[in-house]
1. By how many nm would the segment from R421 to E433 grow when fully extended, if each residue of separation counts as 0.36 nm and the alpha-carbon distance is taken off?
2. Ranked by accessible surface with a 1.4 Å probe, highest first, in what order do F124, F336 come?
3. Give me a comma-separated list of calculated 3J(HN,Hα) values for segment 373-385, in order, Karplus coefficients 6.51, -1.76, 1.60 applied at θ = phi - 60°, integers in Hz, x for any Gly or Pro.
4. Please give the contour-minus-distance gain from D391 to K147: 0.36 nm per residue of separation, less the Cα-Cα distance, rounded to one decimal in nm.
5. In whole percent, what relative contact order does segment 324-422 give with Cα contacts below 8 Å and a gap of six or more residues?
6. Sorting R317, R158 by accessible area (1.4 Å probe), largest first, what list results?
7. Go through 431-437, 209-215 and give me the packing order, highest mean Cβ count within 10 Å leading.
8. Where the centre of each part is set by its Cα atoms, how far does segment 394-459 sit from segment 138-162, in angstrom?
Amino acid sequence: MFFIGLPNPLHLLPSAYYPATCALEYQLEALKLQAAATAYLLPQTPEYFRYRANNEVQRKHEQLASSTQLSAPTLPTRLRREPKIQVERVMEKQAPLRTTPELGEIGMVFIVIRLVGEVEDRLFENIIVKTEISRIEFLKRIEAVTKIPIVHQQIQLRGEKLPDSLQPLLLAKDFDEVVVKHDGLKTWAACLVIADGMTKKKADHLKSKHAKHGVQLLNNLESANFFATYPGFYERNIDISDTFDRYVIGIEENIKLAVTSYFKNHYKDDQLAVNFLPKPDTGAQGGFICQVANGEFFVKNHTFMGRSSNHSRVDLRALFVYRVLHLMGAGAEPHFIGTAYSNVYVSKLALHIATKRVPGFQRRANRSTCNFSANHQMQLNLIQEIFYLSDLNSGNFGLDEQQRLFVVDFVVAPPKDCVHRASVFDQFRENTETCEEALRNWNLLENVNATNSSLLDDRQRLNRIIWRDGYDEYLENVLRNVNLFQNLFSQ
């Protein structure tokens, strides 16, 4: 049976040429013409006949394959050409062939992806797919849209679990809704319960135990791209991390494990002996002494536990000052140690800083043994103004065994106070000799740039840390201060 609207090549043959001896050859020629006409006219065929036409073309090709193996009397050349010419004339009258099928042709459908899990669902509309799309390609498409890795996707189609099929959308219709969620939602709910428990009255060792477990769960969620999928949970994640860190970061055993692992890796010696002693003057952030490789290091936690989420992060500006002071010859050798080195937990809001003991260091507070001069004070003032430092009390700076100025502890001023003001350097114009000497010894511009470059490696190594905002603006103002200082005293 031929389709409505398609020419029947048998009708184009003269009736005189239907002898039984030529019937097979006539039918074979007709089948070829019908297949060609069907394939050509398919884009013009009404919607009702499209899928039947596809199937008919396939069936006729199969008939041709089997029929060509039979023998039959040869059809006269004139008769073989006549219907072909007439069919071509019919084809010429058709509309131009469309090269791009419209939606709905060849199994293309619109679907809507609904991402659930946050307070309000998110809709991703106008997603066009083929109904014959493979399962893996469809899952990759969902990952590209929702950021959910394939192994963490939970999917429903029309209210039911996605069919267990290699082509799960074969029966999909236009505007079908695909509901997707991350399988980490239950883990996130557990984190919220643990964080809520931190506010209730219970023994500190229990809070530390639960906080440690909570940190592990949060790290698992981060590895599973959970917070990229649900950015609305990001701020809450920081707050919870802050809560957990208060009960985990200060555990001495974890700090020692992290420091030991770090130095063994740093010195590339798994058998390296690392010993710990209490620090006589712990200061505001606590700490202890670490003896390793014929040297001593002062270890402390570095974090900001403020009320705002931005304040409860590691300040990269502080790491910059530790490093640049060391390169300038005015600060101790620093090491930045991530909590992940402990292999116990990973904090995103805190790390440990180990600074090497300065040989022969005498604090300015020890006035009887520290020969601190007016030139030293001028250098200290310069460092304070260039790098926006505060908390430079007499216990945080002093002189080494060669009577050079060393700053061993400090606080970087709040971002709002780190503003370039050229007038603050006017006070140094009368001390040209001291400033020129400092300029020669500190090699400021080169060391500032070298420090910034080296911190790129540290940030990659400490990639789990959530850094406090404001570093780029701070660096820009420091460079302006350095350039101004060099222009004033490089003559």
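1. Details: separation 12, 0.36 × 12 = 4.32 nm, distance 2.25 nm.
Taking R421 through E433 to full extension adds about 2.1 nm, to one decimal.
2. Details: F124 50, F336 0 Å².
Solvent-accessible surface, decreasing: F124, F336.
3. Whole-Hz 3J(HN,Hα) from phi for segment 373-385: 9, 5, 5, 4, 5, 5, 4, 4, 5, 4, 4, 5, 6.
4. Values: separation 244, 0.36 × 244 = 87.84 nm, distance 4.45 nm.
Extra length from D391 to K147 when fully extended: 83.4 nm.
5. Working: 130 pairs, mean separation 25.8, N = 99.
Relative CO of segment 324-422 lands at 26 percent.
6. Values: R317 5, R158 125 Å².
Solvent-accessible surface, decreasing: R158, R317.
7. Working: 431-437: 15.4, 209-215: 20.0.
Highest mean packing first, the order is 209-215, 431-437.
8. Result: 54 Å between the Cα centres.
The values are calculated or read from the model by the stated rules, or taken from the named source; none is laboratory data. Since the model is a prediction, treat every value here as computed from it, not as a measurement. Every residue, glycine as well, gets a Cβ built from its backbone with ideal geometry; the counts of neighbours run over all protein chains shown. Heavy atoms of the whole protein, side chains included, go into the accessibility calculation; ligands, DNA and RNA do not. Shrake-Rupley method; radii C 1.70, N 1.55, O 1.52, S 1.80 Å.
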